[in-house]
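Just below is one structure, and these are the notes that go with it.
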Amino acid sequence: MTTHRAILLVEDNEDDVFLMKRALKAARVMNPLYVVEDGQEAVDYLGGAGKFANRESYPLPAVVFLDLKLPLISGHDVLAWIRRQYALESVVVIVLTSSNEASDLSRSYALGANSYLVKPPTPEQLEELAKAFKWYWLEYNQFAND
Amino acid sequence: MTPGSEPKKSLQKRVRAVILLASVIVLFVTAGAFVTYEAVSFQYRLVRNLSTLARVIADNSAAPLAFDNKAVADEILAALRAEPDIEAAAIYDGRGNLFAKYPPALQPAALPARPGRPGYEFKNNGLVLFEPITQEVKQIGTLYLQSSFRGLYEQLWRYGLIVLAVLCGAFIAALILSTLLQKRISGPILALTHAAETITQRGDYSVRAPKLTDDELGTLTDAFNRMLSETQDNQDRLAEQARLLDLSTDAIIVRDLQGTIRFWNRGAEELYGWSQSEALGKQKHQLLQTEFSEPLEQITDRLQREGRWAGELVQRRRDGGRIHVSTRWVLDSGMAGRLPRVLITDNDITLRKQAEELMRSEAKRLDALVAQRTARLQETVGELEAFSYSISHDMRAPLRAMQGYANALLSDYGASLNAEARHYLDRIFRSANRLDLLIQDVLSYSRVAKGQIDLQPVDFERLLNDVISTTPEFQEPQARIIVERPLHRVRGHDAYLTQCITNLLANAVKFVPERVVPEIRIRSERFNGQVRVWFEDNGIGIDPLHNERIFQIFGQVYPEKKYGGTGIGLAIVSKAVQRMNGEVGVISGLDKGSRFWLLLNHGDT
């Protein structure tokens, strides 16, 4: 099964964290969800720095939901960093942002994002998105390190 | 004494000398002839007189001699006292002995010892004469008379005095005559000379030599005066031309090919500050410290080849001030026998140059200002873009939260809430929803307004199909859309056109009377080389009063409560069409449906 794969949500807005958690729950995504609140913490988590060195407590995620507008290190820079790490080359990075600016989009793909999602305006649409995510990324998608 | 008076004196002297010399020669010749004649005739008269006297004395002495009366003979001789010229007299007897003598005191040795032959003889500055004394044909003795030339000398002396007096008189007469004469001869010449001197000294060609005679000199004077008159005419003409040249405010300069200034008018004096006398003979380019815009050799070459050159130079005034001049050079090849010269006309364009310079620097300043403002504007635009980006992120996030929490509250605790509480939650939810729509539309509008686009041929029909097929509200049974295919291709931008189609269709399906299925007919036509696309609906229509207002931002005319919408949709259409060099308009009336049209460039243009 696929439920053991960890998901990392990089999101500084606690409301969005709440809504995302709620939507994933509604979509019955059972995978463990870890949340970091800024770009630096995301880099630390993925790089196993400090308390994140304990992979028992903080397992390496298979999927990262990455917001672009983040404190300390921007989402684009986190993405660029991830794609420079050999150990993280098979991690799926899904940009989840409120921006639908063409420049943000093209830059994200250029830096190696696997997908680009605009945060839906309503909870129902977010729930639909969570369901679609589960259906596509967790059930149909084949991960590299299986 | 002026140098000019020298020949006058000498001419006068010479004329007078010639006249006097001629007079004196004539007088001397005349006097000489007269004196010679007088001397000869005197001698002749003397001989005759003495002969007559000797005859008389000889006749008177015959008796005393015959009678040997010495006393009477002395007495007769003594009568010779009346003749002062008779220096000595003697009577010789028939034998040749001295019989009587005169004067009585005279030594016999002073007399000839014996009588000579009868006759006369000039001897010892005098005349000696022997006259035979006869009685009855027989010679009885001889008379001797000796006369001095004293009378002759006295007479000659008298004549000499007379001649001298005449000479003096004649000389004076000649002098007077010569003066008068030389006035007649040299007068006209001197008048000519005087006129010539006056012209030379004063340069005044209006002077005329008086015509004093009607002879050759008169003709000469006339010719001289005529020549003067012509010269004066020429001079006047030249002076007139020079005066006209001086009237010119342009500097007019003539220089030779070596650069030496030959003419300098008043305009040049005023422009450059150098007076004519200072400038003439100077090297023009040195005097004015000319700065050439191109090498002088090049200019000279052009001047030789084309005969003229015009350009702009920087030169210096006498006071050192730099002036810009517009200059025209014309090569004057000159009349026969004259060296070619260059006629230069300069005028001061310093003010114009300064104005140009000012304009240039002003233009540069304005350019810089524009660049600066543009940069500031771009900065502002950048800030605005950042602002709208920030809106899309930051303002929509709390909205999502409001919607999310309201939704969560409703679904998690809905059962324990009463109807009123649920209604409040619903109002919160819908308000948030509407604000989100507003923000999205404002963002769309600003994106349409600011984006850089390339216009290209677009298959309008394909775009329309895409929009309809991806939007359930535009499909049956919610709406009926009839497309009169084929539609013309237009020149535009995919995203902008999609936005236009979406917004127009959204309005058409929204603004319909209750329980009416929206029906929209879409067709296109060529219009003045462009393409007009019609969207004709069966909606509630728009009062023509609002035909313009509806295309303005927040220009909605129907209550939001009834139809929803943000009032930005048509403003986005208008802005997008404008960015594609097109137009949008509507023909409508209340309850008559609306016919919106888009006028766009044809896809083949």
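The alpha carbon centroids of segment B:303-318 and segment B:65-103 are separated by 125 Å. Amide H contacts of residue B:480 (H built 1.01 Å from N, in plane; Pro and chain starts excluded): B:519, B:520 sit under 5 Å, all sequence-distant by 5 or more or on other chains.
Segment B:530-605 and segment B:21-63 have Cα centres spaced 165 Å apart. Among B:72, B:51, B:103, which residue has its Cα positioned farthest towards the positive end of the charge dipole of segment B:8-141, with +1 placed on the Cβ of Lys and Arg, -1 on the Cβ of Asp and Glu, and the dipole taken about the Cα centre? In segment B:8-141, that residue is B:51.
Other residues within the sphere of radius under 13 Å centred on the Cβ of residue B:399, judged by their own Cβ, net out at +1 (K and R +1, D and E -1).
Ordered from largest to smallest accessible area (heavy atoms of protein chains, 1.4 Å probe), the residues B:247, B:228 come out as B:247, B:228. Under the Kirkwood approximation for Rh and a Cα-based Rg, what ratio Rg/Rh is obtained for chain B? Here the Rg-to-Rh quotient is 1.79. Here the 3J(HN,Hα) profile of segment B:523-540, calculated from phi with Karplus coefficients 6.51, -1.76 and 1.60 at θ = phi - 60°, is 8, 9, 8, 7, 8, 6, x, 10, 10, 10, 9, 9, 10, 10, 10, 10, x, 6 Hz, Gly and Pro shown as x. Which whole-number value in Å² is the accessible area per residue of chain B, probe 1.4 Å? About 59 Å² of surface per residue is accessible. Inter-chain neighbour count for B:530-537: the average number of beta-carbon atoms from partner chains within 10 Å of each residue's beta-carbon is 0. If we count every other residue with Cβ under 10 angstrom of residue B:496's Cβ, Lys/Arg +1 and Asp/Glu -1, where does the sum land? It works out to a net charge of +2.
Put B:359, B:402, B:227 in order of accessible area, highest first, and with a 1.4 Å probe you get B:359, B:227, B:402. Taking every residue in B:400-407 and counting other chain Cβ atoms within 10 Å of its Cβ, the average works out to 6. For chain A, dividing the convex hull volume of the Cα atoms by the residue count gives 106 Å³ per residue. The apolar share of the surface of the protein assembly as shown, taken as the fraction of accessible area on carbon and sulfur atoms (1.4 Å probe, ligands and nucleic acids excluded), comes to 55 percent.
Just to make sure I understand: if all protein chains stay in place, what is the order of A:58, B:413, A:86 by accessible area at 1.4 Å, largest first?
A:86, B:413, A:58
Phi angles of segment B:267-280 translate, via the Karplus equation with coefficients 6.51, -1.76, 1.60 and θ = phi - 60°, into HN-Hα couplings of x, 5, 4, 6, 5, 9, x, 8, 6, 4, 5, 6, 7, 4 Hz per residue; Gly and Pro are given as x.
For residue B:140, nonlocal amide neighbours, meaning residues 5 or more places apart or on other chains whose placed amide H falls under 5 Å from its own, are B:133, B:134, B:135. In terms of overall dimensions, segment B:107-263 has a Cα radius of gyration and Dmax of 41.3, 131 angstrom. Think of chain B as a dipole: +1 on every Lys or Arg Cβ, -1 on every Asp or Glu Cβ, centred on the Cα centre; then among B:349, B:63, B:529, B:63 lies furthest on the positive end.
Net charge dipole, chain B: roughly 1040 debye, given to the nearest 20, about the Cα centre with Cβ charges of +1 for Lys and Arg and -1 for Asp and Glu.
Rounded to the nearest 20, the Cβ-based charge dipole of the protein assembly as shown about its Cα centre (Lys and Arg +1, Asp and Glu -1) stands at 2960 debye. Straight-line reach from residue B:211: taking Cα to Cα under 13 Å and skipping same-chain neighbours fewer than 8 places apart, the aspartates and glutamates in range are B:222. For residue B:490, the residues 5 or more places off, or on other chains, whose built amide H falls under 5 Å of its own are B:458, B:460, B:603. Translational diffusion of the protein assembly as shown was estimated from the Stokes-Einstein equation, with Rh taken as the Kirkwood radius over Cα pairs; at 37 °C and 0.692 mPa s the coefficient is 76 µm²/s. Of the trypsin sites (Lys or Arg not before Pro) in segment B:569-600, the ones in a loop by DSSP (not H, G, I, E or B) with at most 14 other beta carbons within 10 Å are B:592. Per residue of peptide A:93-101, the mean number of Cβ atoms on other chains within 10 Å of the residue Cβ is 3. Rounded to the nearest Å, what's the spacing between the alpha carbon centres of segment B:323-375 and segment B:422-498? Just the number, please. What the calculation gives is 62 Å, centre to centre.
Helical runs assigned H by DSSP (4 residues or longer) give the protein assembly as shown a calculated mean residue ellipticity at 222 nm of -16500 deg cm²/dmol, each run adding -39500 (n - 2.57) before division by the residue total. Residues of segment A:116-136 whose accessible area, computed with a 1.4 Å probe over protein heavy atoms, drops by at least 20 Å² once all protein chains are present relative to their chain alone are A:119, A:121, A:122, A:123, A:124.
What the phi angles of segment B:498-510 give under the Karplus curve with 6.51, -1.76 and 1.60, with θ = phi - 60°, is a coupling list of 4, 4, 5, 4, 4, 5, 5, 5, 4, 5, 4, 7, 7 Hz, glycine and proline written as x. Can you tell which of B:503, B:516, B:488 lies farthest toward the positive end of the dipole of segment B:474-523, using +1 and -1 charges on the Cβ of basic and acidic side chains (Lys, Arg; Asp, Glu)? Selected residue: B:488.
The values are calculated or read from the model by the stated rules, or taken from the named source; none is laboratory data. All values derive from a computational prediction rather than experimental measurement. Neighbour counts run over all protein chains shown; Cβ positions are idealised from the backbone, glycine included. Note: areas computed on protein heavy atoms with side chains; ligands, DNA, RNA excluded. Shrake-Rupley method; radii C 1.70, N 1.55, O 1.52, S 1.80 Å.
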